[in-house]
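The values are calculated or read from the model by the stated rules, or taken from the named source; none is laboratory data. From a predicted model like this one, the values you see are computed outputs, not experimental measurements. Here the Cβ is made from the backbone with ideal geometry for all residues, glycine too, and neighbour counts use every protein chain on show. Please note that ligands, DNA and RNA were not included when accessible areas were found on the heavy atoms of the full protein model with its side chains. Shrake-Rupley method; radii C 1.70, N 1.55, O 1.52, S 1.80 Å.
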Amino acid sequence: MPLTPRIDTLPLDGDTLLRQIRALGEIGADQESGGRTRIALTDAEKAGRDQLVRWMQELDLLVQVDQIGNIFGTLPAANVGADARPLMLGSHIDTVKNAGALDGCYGVLAGLAVVRAFRQAGVLPPRPITVAAFSNEEGVRYQPDMMGSLVHAGGLPLQAALDSIGTDGTRLGDELLRIGYAGELAAGSIVPHEYLELHIEQGPVLEAEGVQIGAVANLQGISWQQLTIQGKANHAGTTPMHLRHDAGFAAAAIVTFVRQLAAQSGTTLATVGSLHFEPDLINVIPRKAVLSVDLRDPDESRLQAAEQALRDYLALLEQQEQVRIHSERLARFEPVPFAEPLVAEVEHAAAARGLSCRRMTSGAGHDAQMMARIAPAAMIFVPSHGGISHNPREHTDDAQLLQGAQVLLDVVLKRLFA
């Protein structure tokens, strides 16, 4: 086989890529809602894994599954003595409930499209190319999210992940065994030379600005907390306002505070996405409130400042309202800068194709942020219609999907053959 192809001799098989995106999107589909549900390690996600493995086998890839269930399909290098560290492409195929067809799956299947271009041209790369599908990226059933890539990168002990108890009471390691994806490959044993992830933006920026490609330069830090407020239940009609210990009011005050905090910062994002009251009755002062707080910022010092401001406010609120507030950290990831040479390569590849491009920050978490711990990494974004994701209405035009996959292929060829 020839070892050094011209860049333009490896055409992208766009029809197969789009067909596979649609086929994977049918697994776990709900015809009534138009969405699909493949929550990690369920029977539906097993069916998606099985289909992905078949596609990898059709390309004659070396398919391996590691101890946390990550799936790797590797195209070997032309030279047996080549550096064994692969150029890795990947994402995930698990979903949230009633999801769109693109989040995660697009990056994995575009990785297969890159490998397919090599196979169809009869060319082997100078170093291996590995396509990865990481386990439990969404974190819906088992926490934390991005678990497979986090274990792979050494950020979470394997046994701790295997012992995770899901929202349905199941143990993650047992479910891996049940669906047949408790692999033998040692977690973290495939250390990439570089890592690239193609993804829909999951936000409105590219579409709003009419830009075709996002060269993702960094990823926001994320701080998740669950706050439990203990007050005192009492009659809504007989308890004077100044004698209340109202967990509901304290929760509402926190919602308002974090919104103001974000507005004053200019860069911090703050969200209360979950809020529950007890006893949840119209005429009873809540004795308990449980709420989540999601803080994000691309700068670690600003993220820490937001966390400290929230802590200070909670202490003040306890005194003012005579309630007790307990904070539990659910997740904490520092901001991630991506590798400058890879980000620049994405820009150059887009320009060479005549595609508009802008550098940007990812507001969502991705497997790439974990892989950046062990290898140079970067991401490529394509526009999301209306910025919608994790929803049946998630949409990116076929032409935009193919543009992103073409840029990914071009970057791969440049990194391998330049």
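Can you list the strands (runs of 3 or more DSSP E) lying wholly within the stretch 261-331 that have 2 or more residues being within 25 Å of Tyr142 (Cα to Cα) and in contact with a Ser or Thr (Cβ under 8 Å, 6 or more places away or on another chain)?
288-297
Conditions (1) under 24 Å from the mean Cα position of the chain (by Cα); (2) farther than 18 Å from Gln320 by Cβ; (3) open to solvent by 30 Å² or more (accessible area, probe 1.4 Å), marked per residue:
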{"site": "His235", "(1), (2), (3)": "no, yes, yes"}
{"site": "Met241", "(1), (2), (3)": "no, no, yes"}
{"site": "His245", "(1), (2), (3)": "no, no, yes"}
{"site": "Ile254", "(1), (2), (3)": "no, no, no"}
{"site": "Gln260", "(1), (2), (3)": "no, no, yes"}
{"site": "Thr268", "(1), (2), (3)": "yes, yes, no"}
{"site": "Thr271", "(1), (2), (3)": "yes, yes, yes"}
{"site": "Pro279", "(1), (2), (3)": "no, yes, yes"}
{"site": "Val284", "(1), (2), (3)": "no, yes, yes"}
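Output the residue which, of all residues in the stretch 337-356 that are assigned to a loop (DSSP other than H, G, I, E, B) and not small (Gly, Ala, Ser), is farthest from Gln403 (Cα to Cα).
The qualifying residue farthest from Gln403 (Cα to Cα) is Phe338.
Here is a list of conditions, (1) in contact with a Pro (Cβ under 8 Å, 6 or more places away or on another chain); (2) within 30 Å of Gly363 (Cα to Cα); (3) of a type in the set (Asp, Glu); (4) surrounded by 15 or more Cβ atoms within 10 Å (Cβ to Cβ), and Glu300 meets all of them except one; can you say which number that is?
Only one criterion in (1) in contact with a Pro (Cβ under 8 Å, 6 or more places away or on another chain); (2) within 30 Å of Gly363 (Cα to Cα); (3) of a type in the set (Asp, Glu); (4) surrounded by 15 or more Cβ atoms within 10 Å (Cβ to Cβ) is unmet by Glu300, namely (4).
In this structure, does Val53 turn out to be open to solvent by 40 Å² or more (accessible area, probe 1.4 Å) and within 25 Å of Glu184 (Cα to Cα)?
Answer is no for this residue.
Counting only residues that are assigned to a helix (DSSP H, G or I) and charged (D, E, K, R), which one in the stretch 391-418 is least open to solvent (accessible area, probe 1.4 Å)?
Looking at residues that are assigned to a helix (DSSP H, G or I) and charged (D, E, K, R), I get Asp410.
Name the pairs: first residue in the stretch 268-281 and touching a residue at least 60 places away in the same chain (Cβ under 8 Å), second residue among the charged types (D, E, K, R) and surrounded by 11 or more Cβ atoms within 10 Å (Cβ to Cβ), Cβ to Cβ under 8 Å, at least 6 apart or on different chains?
Leu269/Asp294; Leu269/Arg296; Leu269/Asp297
Residues are listed down the side, and each one gets a yes or a no for (1) more than 21 Å from Tyr195 (Cβ to Cβ); (2) free of Cβ contacts under 8 Å to residues at least 40 places away in the same chain; (3) in contact with a Cys (Cβ under 6 Å, 6 or more places away or on another chain); (4) not polar (S, T, N, Q):
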| residue | (1), (2), (3), (4) |
| --- | --- |
| Leu10 | no, no, no, yes |
| Ile39 | yes, no, no, yes |
| Gln57 | yes, yes, no, no |
| Ala113 | no, no, no, yes |
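Just to be sure before I move on: is Thr74 under 26 Å from Arg178 (Cα atoms), modelled with pLDDT of 95 or more, of a type in the set (Val, Ile, Thr) and surrounded by 13 or more Cβ atoms within 10 Å (Cβ to Cβ) in the structure I sent?
yes
Being part of a loop (DSSP other than H, G, I, E, B), more than 15 Å from the chain's Cα centre (by Cα) and surrounded by 15 or more Cβ atoms within 10 Å (Cβ to Cβ) is the filter here, so list the residues in the stretch 83-96 that pass it.
Arg85, Pro86
Only one residue in His366, His326 is open to solvent by 60 Å² or more (accessible area, probe 1.4 Å) and in contact (Cβ under 8 Å) with a residue 40 or more places away in the chain, so which one is that?
On inspection, the qualifying residue turns out to be His326.
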